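The values are calculated or read from the model by the stated rules, or taken from the named source; none is laboratory data. Bear in mind the structure is a predicted one, so any value in this text is a computation, not a measurement. Cβ atoms come from the backbone with ideal geometry, glycine included; neighbour counts cover every protein chain shown. Heads up: the accessible areas ignore ligands, DNA and RNA and are worked out on the full protein's heavy atoms, side chains in. Shrake-Rupley method; radii C 1.70, N 1.55, O 1.52, S 1.80 Å.
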Amino acid sequence: MTHTLMTLPFDENALEPYISSETMQYHHGKHHAGYVNKLNTLIKDTEFAEMELDEIIKKSSGGIFNNASQVYNHNFYFKGMSSKKSTPSKTLVEAIERDFASMEKFKDLFLQAAANLFGSGWVWLSINKEEKLIIESRSNADNPILDDHIPLLTCDVWEHAYYIDYRNARAEYLEKWWELVNWDFVSENFVNPHYLVFPCDDYSGACEFKEEK
Ligand code: MN
């Protein structure tokens, strides 16, 4: 199968002024597209050629793993943002309060983890095998599904995510990114794991939210 570049769930300029259309043009149009194209080239005529993205991530290594996981991670990142204000569902708030004490504390811990991640990588909110919410810092293309965690939200802290708009001010990017989090997406992942991730184009960003808020 040929992997395709996900359509953005919003207009290129929808996240301005926090994330510029120039950043989106490079981040989605060059970086994300580059991972998709490289993946397609690398898996041609290999055992991975017909696998779904998550299966490739779990079974491959090296360049194939890096590109497959980066496709997945960017799908997740872009779906996790919206220009529309949203709030987490009641059940998600309850789980966050159970595992991080409060929403404020969770925000602090998440953004601290993202600010402190050394080099390139991703910070995730995931559910671990004990069904606890955890914040995970993962370098480069690393992915929570390798440990059978269920990802709910991710923030890209590779420099290409923020350098055009924020230069070296990662913390400032993180504060603004927080304002863009699509809590409908996160809340939906919480009650319906993986539903919105595969296949990646099924989610337009305007999901019908199934749960009472
Ligand atoms: Mn990126």
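From the list 127, 134, 150, 145, exactly one residue is surrounded by fewer than 17 Cβ atoms within 10 Å (Cβ to Cβ), touching a strand residue (DSSP E or B) at 6+ places or on another chain (Cβ under 8 Å) and not small (Gly, Ala, Ser). Which is it?
Unique residue meeting the criteria: 134.
Looking only at segment 180-195, residues that are out of contact with any Gly (no Cβ under 8 Å at 6 or more places or on another chain) and either at pLDDT 95 or above or open to solvent by 10 Å² or more (accessible area, probe 1.4 Å) (or both) come to 9 in all. Identify, by number, the condition in (1) within 16 Å of the ligand (Cβ to nearest atom); (2) over 15 Å from residue 78 (Cβ atoms) that residue 42 doesn't meet. Of everything listed in (1) within 16 Å of the ligand (Cβ to nearest atom); (2) over 15 Å from residue 78 (Cβ atoms), residue 42 misses just condition (1).
Does segment 91-100 contain at least one residue that is within 16 Å of the ligand (Cβ to nearest atom), of a type outside the set (Asp, Glu) and within 29 Å of residue 187 (Cβ to Cβ)?
No, segment 91-100 contains no residue that is within 16 Å of the ligand (Cβ to nearest atom), of a type outside the set (Asp, Glu) and within 29 Å of residue 187 (Cβ to Cβ).
Residue 12 satisfies every condition listed in (1) over 26 Å from residue 167 (Cα atoms); (2) open to solvent by 30 Å² or more (accessible area, probe 1.4 Å); (3) touching a Ser or Thr at 6+ places or on another chain (Cβ under 8 Å) except (1).
In this entry, residue 133 is excluded by the filter for residues that are under 15 Å from the mean Cα position of the chain (by Cα), among the aliphatic types (A, V, I, L, M) and modelled with pLDDT of 95 or more. Among the residues of segment 47-71 satisfying the criterion of being part of a helix (DSSP H, G or I) and either farther than 12 Å from residue 145 by Cβ or within 12 Å of the ligand (Cβ to nearest atom) (or both), which is most open to solvent (accessible area, probe 1.4 Å)? Going through the qualifying residues, I end up with 66.
Among the residues making up segment 1-25, a single one is of a type in the set (Ser, Thr, Tyr), within 15 Å of the ligand (Cβ to nearest atom) and under 17 Å from the mean Cα position of the chain (by Cα): 23.
State which residue is least open to solvent (accessible area, probe 1.4 Å) when the search covers only segment 87-105 and only residues that are of a type outside the set (A, V, I, L, M, F, W, C) and in a loop (DSSP other than H, G, I, E, B).
If we take residues in segment 87-105 being of a type outside the set (A, V, I, L, M, F, W, C) and in a loop (DSSP other than H, G, I, E, B), then 89 is least open to solvent (accessible area, probe 1.4 Å).
For segment 163-179, the candidate set comprises residues that are open to solvent by less than 10 Å² (accessible area, probe 1.4 Å) and touching a residue at least 40 places away in the same chain (Cβ under 8 Å); within that set, the residue that is nearest to residue 14 (Cα to Cα) is 177.
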